[in-house]
Amino acid sequence: MRKLTSSGLVAKALFVETKMTGNANFTTPVPSIAAITTARGELEAAIVSAMDGGKSAHLDKRVKEAALILLLIEEAAYVTSVSGGDVVKIISSGFDVRKVPTPIGLLDAPGNLRATLTAFPGQAKLRWDPQYGAYSYLVYRKPDGAEESEWALIATETRASYTDEGLTTGKFYWFKVVAIGAAGPSPASDPAKTLIG
């Protein structure tokens, strides 16, 4: 509701008043519909005064907006409590239903890992497709011919790219990336190999 304009807030309050008046699902609203009606009327008057008024008229309008927002938030809390989360009852009150967040779950392995040379000696530029829900990425490296147990964590990145420096020119290196999300680490990406120039 804080994102509504003053006139949008008036319209929302009027809609809630209409939907809540005589609504059998909400027989004793707190705050009362009369309190919301009064606050809405005061905001409407403050809007008119602020159209050609000075700073004090605009300040009064903001105070009336805040008062109406507070009443509507309290009314929404009442509706949520009395409805027990019943979507049909909540909608009958004139309030919107929030989308229930769903967890993303385990992430897939980062895809399309590419390791390329840069214009600078001893560097490799890594890029991969970003994973929705990833907080960060773990970047691993191993020299060509090294055992699987020799993968070394070299960086933690929040973006889907990394520049590795200080590599030996003329050698091949392998890289892989793991995405980290709320449910933990993803499987590792397919490895990518590049010759360092």
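Within the range 117-168, how many residues turn out to be more than 13 Å from Thr194 (Cα to Cα) and in contact with a strand residue (DSSP E or B) (Cβ under 7 Å, 6 or more places away or on another chain)?
22
Applying the selection to the range 120-139, what residues are in a strand (DSSP E or B) and under 15 Å from Phe172 (Cβ atoms)?
Ala124, Leu126
Can you pull out every residue in the range 122-153 that is of a type in the set (A, V, I, L, M, F, W, C) and either closer than 25 Å to Gly181 by Cβ or surrounded by fewer than 17 Cβ atoms within 10 Å (Cβ to Cβ) (or both)?
Within the range 122-153, Leu126, Trp128, Ala134, Leu138, Val139, Ala146, Trp151, Ala152, Leu153 qualify.
Within the range 35-50, does at least one residue satisfy the condition of being exposed (fewer than 13 other Cβ atoms within 10 Å of the Cβ), not in a helix (DSSP H, G or I) and not assigned by TED's automatic domain parsing to the domain that holds Pro187?
No: the range 35-50 contains no residue that is exposed (fewer than 13 other Cβ atoms within 10 Å of the Cβ), not in a helix (DSSP H, G or I) and not assigned by TED's automatic domain parsing to the domain that holds Pro187.
Can you give me the number of residues within the range 100-116 that are crowded, with 16+ Cβ neighbours inside 10 Å and touching a strand residue (DSSP E or B) at 6+ places or on another chain (Cβ under 6 Å)?
4
Determine whether the range 11-29 contains at least one residue that is farther than 25 Å from Ser92 by Cβ and assigned to a helix (DSSP H, G or I).
No: zero hits.
The values are calculated or read from the model by the stated rules, or taken from the named source; none is laboratory data. Computed from a predicted model, the values in this text were never measured in an experiment. Methodologically, a virtual Cβ is constructed for each residue, glycine included, from the backbone with ideal geometry; neighbour enumeration extends over all protein chains shown.
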